[in-house]
Amino acid sequence: MVLSEHKDLKYAITALPAKEKDKLLLRLIAKDKILTEHLHFKLLEDASDLEGRRLALSELIEDNIAALTANTRFNVKDTLLLLRTLNGKINHHYKVTKDLNSEIELRMQLLNQIPLVLTASIHATLSKYNDRMVLYFLRTTLSVYKKFLKLHEDLQFDLQDALNKLLKKAYTPKFAETAEALGLPESF
C-alpha cells in the first residue's frame, strides 16, 4: 500500500494526536536500521562526526587493500569480492549521511587503490571473473563520473586529480575498449 494513493489515510494520520503520532513514528523507525542510523546522524551528530566516519571508512579501505596485496596468492576473484564488499560499505555510508562529496571521495580512493590484476588462467572460473571485474570496475567508475558532474565546481576542482587518475586507470589497454563503449571520457 502506497500512502500517496490513499489520501484519506494521509489525512487520518495527520489528524492523530501528537502523542499517538510519535508512538507510531518510533515504531516505524525502529523497523528500518538504515533510517534509524540516518536519523541518529542527522539529529545527534555534526560535521566532525561526518569527517570521523569518512576517515574510518578510508582507513578500512586502505587496510583491506593492503591485506589483499600482502597475500601473494590473491587473484581476480578475491579482488572482485573485496571491491564489492567495500563498495557496499560506501553505499551504507551514503545512505546514512547523504553526503555526496565523501561518497565520491571514498569511491575514487577505492577504485584508484584496488589492484587490477587480471589472471590469464586456463581455469574457466577465474577467466569469467576477469570479465566481471572489468565490467564492475568500469560501471562503478562511470557512476562516480556521473555523480562527480553533479558536484559544485569548487568540489570538482578539489577532486579533479583523483578523477583523472581513475579515468586513466579505466583506459588501460585491457579496459579501453569497454570503457569507450560505456561512454567514459579519457580525462576530465
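The values are calculated or read from the model by the stated rules, or taken from the named source; none is laboratory data. Treat the numbers as computed from the prediction; the structure is a model and nothing was measured. Positions of Cβ are generated from backbone atoms using ideal geometry, with glycine treated the same way; all protein chains shown enter the neighbour counts. Surface areas here come from the heavy atoms of the whole protein model, side chains and all, with no ligands, DNA or RNA. Shrake-Rupley method; radii C 1.70, N 1.55, O 1.52, S 1.80 Å.
Towards the positive end of the charge dipole of segment 1-97, with charges on Cβ (+1 Lys, Arg; -1 Asp, Glu), say which of LEU35, LEU55, THR97 has the farthest Cα. The residue sitting farthest along the positive end of the dipole is LEU35. Taking each residue as 0.36 nm, the span from ASP8 to ALA47 lengthens on full extension beyond its C-alpha to C-alpha distance by 10.1 nm. For the cross-link pairs LYS19/LYS147; LYS19/LYS95; LYS95/LYS165, the ones whose C-alpha atoms lie over 31 Å apart are LYS19/LYS147.
How big is the C-alpha Rg of segment 80-187 next to the rule-of-thumb value 2.2 N^0.38 Å, as a ratio?
That works out to 1.10 for segment 80-187.
I want to verify a result. In a Gaussian network model of the chain, Cα cutoff 10 Å, which of these has the top mean-square fluctuation: THR178, THR14, THR79? It is THR14.
Hull volume per residue, based on the alpha-carbon atoms of segment 1-94 and their convex hull, is 136 Å³.
Selection among VAL144, ALA179, LEU116 by position relative to the dipole of segment 68-188 gives LEU116 as farthest towards the positive end (Cβ unit charges, Cα centre). Here the dipole of the chain is about 780 debye; that uses its Cα centre as origin and unit charges on the Cβ of Lys and Arg (positive) and Asp and Glu (negative). Spin-label model, LEU24/GLU180: points 7 Å from Cα along the beta carbon direction are separated by 5.8 nm. The relative contact order of the chain comes to 18 percent, based on Cα pairs under 8 Å that sit 6 or more residues apart.
Near LEU135, within a Cβ-to-Cβ distance under 13 Å, what is the net charge of the other residues, with Lys and Arg +1 and Asp and Glu -1?
On the way: positive: ARG84, LYS128, ARG132, ARG139, LYS174; negative: ASP131, GLU177.
That sum, taken over residues with Cβ under 13 Å, equals +3.
Note on the chain: the C-alpha convex hull projects to 15.1 nm² when averaged across all orientations. Per-residue packing, averaged as other Cβ atoms within 10 Å, sorts the ranges 47-53, 158-164, 67-73 into the order 158-164, 47-53, 67-73, beginning with the highest. Given R0 = 22 Å, the distance between the Cβ atoms of ALA66 and LYS89 translates into a calculated FRET efficiency of 0.85. For the pair LEU39 and GLN160, label points projected 7 Å from Cα toward Cβ lie 4.3 nm apart.
Within the full protein context, the accessible area of LYS168 is estimated at about 150 Å² for a probe radius of 1.4 Å.
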